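A quick write-up on the structure given underneath.
We did not get these values from a lab; they are worked out from the coordinates using the rules stated. Not measured: the values here are computed from a predicted model. Heads up, the Cβs are rebuilt from the backbone with ideal geometry, glycines too, and the neighbour counts pull from every protein chain shown.
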Amino acid sequence: MLKYSGILILALVAYWLSLSGYLDKPMLLILGAVSIALVLGLVHRMKIFDEETVPYYKVPKTLLYLVWLFKEIVKANVEVVKAVMSPDLEVSPTMVKIPASPNTEIGKTVFANSITLTPGTVSVKIDEDEILVHALLTEMSHPDGFKEMGERSARSIGEETES
């Protein structure tokens, strides 16, 4: 719990300073410290000091995942533009159930949001062990194509994967 409270304090101080920008006004610094103390007290009282509430130590993994996801978004965007701009309009919408490889709720949410951010695919429904996905193109609907994204999204939030 001490690790999480320290990380949360640093994150709240950085956030407060970035929003206020005042370091020379004692009254504002005191109010900022009181605000941070109140938040810490509430989080402690609610008993939610855990890795989902304070995920900041996973930032490097998450940033690496976002770089990879950006590349995938660009590749999918090119595919969608080619299909839509072709004279034959090669669109072939389909629905597919994808196994949800992350085990936690936050892992499933990151995975489903990553699918939705990728052009041509939308997460429609999240169940216990699968995600219903609408794909604009049939070639974008193969469950194996989502396996790497599921594993990477799980690792980005600190989940262990089988591979």
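Descriptive notes on the structure:
- A Gaussian network model of the chain, with springs between Cα atoms under 10 Å, assigns the largest mean-square fluctuation among Leu28, Leu12, Leu64 to Leu28.
- Residue pairs, from the table Lys61/Lys108; Lys25/Lys47; Lys47/Lys147; Lys61/Lys97, whose Cα atoms sit over 25 Å apart: Lys25/Lys47; Lys47/Lys147; Lys61/Lys97
- Our estimate of slack between Thr138 and Leu42, defined as 0.36 nm per intervening residue step minus the Cα-Cα distance, is 29.7 nm.
- Between Pro119, Pro99, Pro143, the residue with the greatest mean-square fluctuation in the GNM of the chain (Cα pairs under 10 Å linked by springs) is Pro143.
- Computed [θ] at 222 nm, deg cm²/dmol, the chain (DSSP H ≥ 4; -39,500 (n - 2.57); rounded to nearest 500): -19500 deg cm²/dmol
- Each of Ser92, Ser18, Ser153 was scored by other Cβ atoms within 10 Å of its Cβ. Listed from fewest to most, they are Ser18, Ser92, Ser153.
- Listed residues Val74, Val122, Leu136: farthest to the positive end of the dipole of segment 74-141 (Cβ charges): Val74
- Cα-only radius of gyration and Dmax that characterise the chain, units Å: 20.7, 67
- Local electrostatic count, Val91, Cβ distance below 14 Å [Lys/Arg +1, Asp/Glu -1]: -3
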